[in-house]
Amino acid sequence: MGNRTFSMIKPEAVAEKHSGAILKMIEEAGFRIVALKMTKLSEERAGQFYEVHKERPFYNDLKKYMSSGHIIAMILEKENAVADFRKLIGATDPAKAEPGTIRNLFAKSIESNAIHGSDSDENAAIEAAFFFSRMEQF
Ligand code: GTP
Ligand code: MG
């Protein structure tokens with residue numbers, strides 16, 4: 001799985017019609033779309049997805065935010081996918097994200113930061129399976 005990562009375009013970026021521009025950046029950076037769907041998370045399911053953060057002070061806000069609208073989930077393939085994708089999206093806090101990164105261009109705040117990217121090969125596999133069956137992965 002070293003060549004795959006999982007990503008989500010987050011609710012405010014979908015609502016503000018940045019999905020097309022973001023997908024264009026992802027494809028132009030050399031990623032192949034393996035799976036893609038638009039869906040909406042319940043607060044409970046958003047909480048499961050970000051369960052590692054359940055002790056953090058922002059966990060409740062994060063659950064509300066991630067269930068506030070539609071998201072676009074995807075599996076992406078490229079050599080060194082996890083690290084290269086984190087580079088493409090930039091730092092969690094858009095104020096610290098490198099110029100030209102997706103978060104630098106589209107994120108509004110440290111919470112409403114436009115896009116998610118897996119932080120390890122292991123989590124990429126877990127997160128991909130959270131959204132997609134084997135038959136939905138191409
Ligand atoms: P993801 O790709 O979404 O996992 O972001 P990340 O890996 O860059 O950051 P992290 O996993 O530490 O945090 C997960 C998400 O929680 C972030 O993307 C933000 O949406 C939110 N978040 C992180 N830190 C803060 C914070 O200090 N305050 C608030 N309100 N939200 C935060
Ligand atoms: Mg993270």
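Taking 7 Å along the Cα-to-C-beta vector as the label spot, tell me the ALA91-ASP61 distance in nanometres, rounded to one decimal.
About 1.8 nm separates the two model spin labels.
Determine how large the accessible area of TYR59 is when every protein chain is in place; take a 1.4 Å probe and give Å² rounded to the nearest 10.
30 Å²
Round to a whole angstrom and tell me the spacing of the C-alpha centers of the stretch 84-134 and the stretch 1-67.
First find each Cα centre; the distance between them is then 7 Å.
Quick check: with the 1.4 Å probe, what order do LYS17, LYS54 take by accessible area, largest first?
I get LYS17, LYS54, largest accessible area first.
With n ≥ 4 as the cut-off for DSSP H runs, can you work out [θ] at 222 nm for the chain, using -39500 (n - 2.57) per run divided by the number of residues, rounded to the nearest 500?
Dividing the helical sum by the residues of the chain leaves -10500 deg cm²/dmol.
Only Cα pairs under 8 Å and at least 6 apart count here; give the relative contact order of the stretch 4-136 as a rounded whole percent.
37 percent
Only Lys, Arg, Asp and Glu count, each charged at its Cβ (+1, +1, -1, -1), so figure out the dipole size of the chain about its Cα centre, rounded to 20 debye.
Using only the charged Cβ atoms, the result is roughly 280 debye.
Modelled label-to-label distance, ALA21 and ALA83, 7 Å Cα→beta-carbon offset: nm?
3.0 nm
So which of LYS10/LYS78; LYS17/LYS78; LYS54/LYS78; LYS37/LYS96 end up more than 27 Å apart by C-alpha?
LYS54/LYS78; LYS37/LYS96
By accessible area of protein heavy atoms, probe 1.4 Å, what ranking do ILE26, ILE110 get, highest first?
Descending accessible area places them as ILE110, ILE26.
Just add up the charged neighbours of THR39: K/R +1, D/E -1, any other residue whose Cβ is under 13 Å from the Cβ of THR39.
Surrounding charge for THR39 is +3.
Give the accessible surface of the chain per residue, rounded to a whole number of Å², with probe radius 1.4 Å and ligands, DNA and RNA excluded.
For the chain, the solvent-accessible area averages 53 Å² per residue.
If you count only protein heavy atoms and use a 1.4 Å probe, how large is the accessible surface of PHE58, to the nearest 10 Å²?
About 80 Å², rounded to the nearest 10.
Ordering SER7, SER133, SER120, SER68 by accessible area with a probe of 1.4 Å, largest first, what comes out?
SER68, SER133, SER120, SER7
At a 1.4 Å probe radius, carbon and sulfur cover how many percent of the accessible area of the chain?
Taking all protein chains in place, the chain shows 52 percent carbon and sulfur surface.
Would you look at the GNM of the chain, springs on alpha carbons closer than 10 Å, and say which of ARG86, ARG103, ARG56 moves the most?
ARG56
The values are calculated or read from the model by the stated rules, or taken from the named source; none is laboratory data. Predicted model, so just to flag it, every value in this text is computed and none were measured. Note: ideal-geometry Cβ built from the backbone for every residue, glycine included; neighbour counts use all protein chains shown. Each accessible area value is taken on the protein alone, full model and side chains, heavy atoms only, with ligands, DNA and RNA left out. Shrake-Rupley method; radii C 1.70, N 1.55, O 1.52, S 1.80 Å.
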